[in-house]
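Below: the structure, in structure tokens.
The values are calculated or read from the model by the stated rules, or taken from the named source; none is laboratory data. Please read these numbers as outputs of a predicted model, since none were measured by experiment. FYI the Cβ positions are ideal-geometry reconstructions off the backbone, even for glycines, and counts take in every protein chain you see.
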Amino acid sequence: MPGTNLLVVGNPTAPYLKMLAELPNDINIAVGNRPEAFANLGAEADAVLYCMNAGISLKEIWPVTKKVKWVHSMSAGLDTMLFPELVDGPAVLTNARGVYKESLGEFGMFGIFYFAKDIPRMRRNQKAHKWEQFDVDMVDRQTLGIIGYGEIGRSVARRAHAMGMRVIATRRRPELNDGDPFVSKSFHIDDRRQLMAESDFVLVCSALTAETKHLVGEAEFRSMKPSGVIMNLGRGPIIDEVAMAKALQEKWIRGAVLDVFDQEPLPESSPLWDMDNVLVSPHCADHTSTWMDDSMRFFVENFHRYVKGEPLQNVVDKKSGY
């Protein structure tokens, strides 16, 4: 597709944008984080790259675009960038789904071992110079329940299965898990309480949509084992944070490993900061030394598919939001 016009919505000084040099020579590019940066090329734009920490919303520049055929998000989550004109319009939307799955898979296992080996107790005792032997758990034969079995969930499941864990998972269409070597039992999302009741560790990694907001609330926490641990690597609002704080304070469950929150940054007033049974990660479980380069590399490869007229990877169902 010669002479493609590309709008890059993001910080013009971002180091990963150096990869734009790998795009075809006849491409026209406008880069910026203010609407006026796209005043000239916007009306002729064929494609839009929406970058990390763009500084402006895609909706702000949308009125200047007239014939965009493809929008790509460098993030996997799309809940903050969808708006009616994009959702209802003809432009194809793709995202970075799966680009960060390996680092998140490792973090998921770290969260499991954090509580199985009682790392908080080790650290407390070390700080107090206290020699206190205690029993630790093996994850072998324990159950990991995954709410939202997508790329992240499968990455954790593969590792958990290799460690001898039993993996169970929810999907909108449970039959899609048939034949999956890592999942021993599948549930519909409406049966999530049953999954949580069977699980020693519950991993939440669903996409955030109108249907999944507060998907895990008080009833779900009350269904968990007292020894159960909740982990969230999806989006903060999927969990009702007030209900979770209550469950943790009143010891309905053992603990929580959280990389995402209802409000980010997590407010200083949040009770989660001071709970000794909560591990707070500042939404950086996938922030490896190459994470932005990895996402940009995926876009470059997808762009070459676009100009060749080949099927794009990671096409999103805009209506469902993932």
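Residues of the stretch 236-286 being part of a loop (DSSP other than H, G, I, E, B), touching a residue at least 60 places away in the same chain (Cβ under 8 Å) and not charged (D, E, K, R), which ones?
Step one: list which residues in the stretch 236-286 are part of a loop (DSSP other than H, G, I, E, B), which gives 240, 250-254, 259-270, 275-277, 281-286.
Filter again for touching a residue at least 60 places away in the same chain (Cβ under 8 Å), leaving 254, 259, 276-277, 281, 285-286.
Those that are part of a loop (DSSP other than H, G, I, E, B), touching a residue at least 60 places away in the same chain (Cβ under 8 Å) and not charged (D, E, K, R): 277, 281, 285.
Table: residues versus (1) among the charged types (D, E, K, R); (2) in contact with a Lys or Arg (Cβ under 9 Å, 6 or more places away or on another chain); (3) at pLDDT 95 or above.
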site	(1), (2), (3)
72	no, no, yes
105	no, yes, yes
129	no, no, yes
147	no, yes, yes
178	yes, no, no
Original post:
Among the residues of the stretch 18-33, is there at least one that is of a type in the set (Val, Ile, Thr), in contact with a Pro (Cβ under 7 Å, 6 or more places away or on another chain) and buried (at least 18 other Cβ atoms within 10 Å of the Cβ)?
Top reply: yes
**OP:** Out of the residues in the stretch 92-107 that are in a strand (DSSP E or B) and of a type outside the set (S, T, N, Q), state the one that is surrounded by the most Cβ atoms within 10 Å (Cβ to Cβ).
**Re:** 93
Original post:
When you go through 208, 144 one by one, which is the residue that is assigned to a strand (DSSP E or B) and hydrophobic (A, V, I, L, M, F, W, C)?
Top reply: 144
Subject >> Breaking point among (1) closer than 25 Å to residue 189 by Cα; (2) in contact with an Asp or Glu (Cβ under 7 Å, 6 or more places away or on another chain); (3) not β-branched (Val, Ile, Thr), for residue 255 >> reply: (2)
Subject >> Search result, residues across the stretch 218-235 that are of a type in the set (A, V, I, L, M, F, W, C), closer than 15 Å to residue 286 by Cα and part of a loop (DSSP other than H, G, I, E, B) >> reply: 233
Subject >> Subset of the stretch 245-282 that is buried (at least 17 other Cβ atoms within 10 Å of the Cβ) and under 30 Å from residue 11 (Cβ atoms) - its residue that is farthest from the chain's Cα centre (by Cα) >> reply: 270
